[in-house]
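Quick notes on the structure that follows.
The values are calculated or read from the model by the stated rules, or taken from the named source; none is laboratory data. Note that this is a predicted model, so its numbers are computed, not measured. Positions of Cβ are generated from backbone atoms using ideal geometry, with glycine treated the same way; all protein chains shown enter the neighbour counts. We work out accessible area using only protein heavy atoms, side chains counted, and drop any ligands, DNA or RNA first. Shrake-Rupley method; radii C 1.70, N 1.55, O 1.52, S 1.80 Å.
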Amino acid sequence: MRLRAIPLILWTLVVFVAVASLVMLRHSASAGPAAPAVAGGGPRYGLSSVGLSYPFAAAIAKGFSDAAAQAGATAVILDAKGDIQKQANDIDDLVAQKVKGIAIMPLDSVVAQGWVDRVGRAGVPVAAVAALIGDPRKRRIDDVYPGLVALASQDEVAAGQAAGTLAARLLPRGRTARIAIIEGAAGFPEVEQRARGFRQGLAKAGIAHAIVASQPGDWTAEGGEAACQNILAAQPDIDMFFNEADDMVIGCARAVRAAGSHARLIGVGGSKLAVASIKAGAVDGTVCFKPEALGALAFQALHEKTGGPRLRTYPIPAVTRATVGECVGQW
């Protein structure tokens, strides 16, 4: 009896450990990346992310968490999962947790004005990261929304301009070049800002062109592929696709290859996949962003005891195969 009991006990123990591990794994996945443990607790700082399933947003969260750990603080990362109402609730939750400061990567820049005002009334310092707060059609990047400690972001209009300048070097001469824009998801300020800058860059270069199509790619490779497929089916003579994010340019490249098109491809973001695709010749260029740096800049703005610049940014070069070594992908 005792010999039979031993395996039963061990089996029970194995099942218990497996169930406990599964519960912990599911809890970790629902909560987003775990905040680094800090001896003695340390001050807690919150980041409300648009969605950690987006590689760019996940890289921002990593930069925020890493900077907090280096400062002996704890990062509390909440994942809105693309839901505006959840993001509003997440921000209220961070205030209730009495964090020392909150960084917001907003799903909607106009709606976020109310969030910033509410957090400010609660006496909690708040910073914006990766997107400005306020109407992007009326507020410049250096016109930081009142109530924010700082805005940590690249200049999205300037990023579009860099892409437009690069596009002008790649487009055919002697005729009107036909361009399609693959946009991000509706509601994000970057959609209008990057497109506006792109047009400005092309206009400044003085090259004859026409924007003949635009479709949303929803920031994903699958969305970019579908949008480019649709446009190529209707207009197979497209000369260039400007994708407003690198995830979309990867998908668009698949569509272009499948259609046998010679369209040039430009993205925005400097992702690891885009950098590799540029080196391989599948994508022509991108604008190099550093999302981990943005997360760190947002944390530093909240953590500093003395005032600093309200707009915190970094250089964003456009790169091609010849210069892609200047861009080290962070996402």
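Structure notes:
- Residue 105, sole failed condition from (1) touching a Ser or Thr at 6+ places or on another chain (Cβ under 6 Å); (2) open to solvent by 60 Å² or more (accessible area, probe 1.4 Å): (2)
- Among the criteria (1) open to solvent by 60 Å² or more (accessible area, probe 1.4 Å); (2) under 19 Å from residue 161 (Cα atoms); (3) at pLDDT 95 or above, the one residue 259 does not fulfil is (2).
- Only one of the listed residues (50, 76, 95, 99) is without any contact (Cβ under 8 Å) to a residue 40 or more places away in the chain and either surrounded by 17 or more Cβ atoms within 10 Å (Cβ to Cβ) or touching a Pro at 6+ places or on another chain (Cβ under 8 Å) (or both). That residue is 95.
- With respect to the stated conditions, residue 307 fails to be out of contact with any Ser or Thr (no Cβ under 6 Å at 6 or more places or on another chain), more than 28 Å from residue 45 (Cβ to Cβ) and open to solvent by 40 Å² or more (accessible area, probe 1.4 Å).
- The residues of region 181-211 that are over 16 Å from residue 140 (Cα atoms) and out of contact with any Asp or Glu (no Cβ under 9 Å at 6 or more places or on another chain), listed by number, are 199, 201, 202, 203, 204, 205, 206, 207, 208, 210, 211.
- Within region 138-168, considering residues that are open to solvent by 40 Å² or more (accessible area, probe 1.4 Å) and in contact (Cβ under 8 Å) with a residue 12 or more places away in the chain, the one farthest from residue 60 (Cα to Cα): 165
- Positions within region 277-310 being of a type outside the set (Asp, Glu) and without any contact (Cβ under 8 Å) to a residue 24 or more places away in the chain, in sequence order: 280, 305, 306, 307
- For residue 173, the conditions (1) in a helix (DSSP H, G or I); (2) surrounded by fewer than 16 Cβ atoms within 10 Å (Cβ to Cβ) all hold with the exception of (1).
- Residue 324, sole failed condition from (1) touching a residue at least 60 places away in the same chain (Cβ under 8 Å); (2) surrounded by fewer than 23 Cβ atoms within 10 Å (Cβ to Cβ); (3) among the hydrophobic types (A, V, I, L, M, F, W, C): (1)
- The listed residues are 247, 284, 239, and the only one of them that is crowded, with 24+ Cβ neighbours inside 10 Å and either touching a Leu at 6+ places or on another chain (Cβ under 7 Å) or not hydrophobic (A, V, I, L, M, F, W, C) (or both) turns out to be 247.
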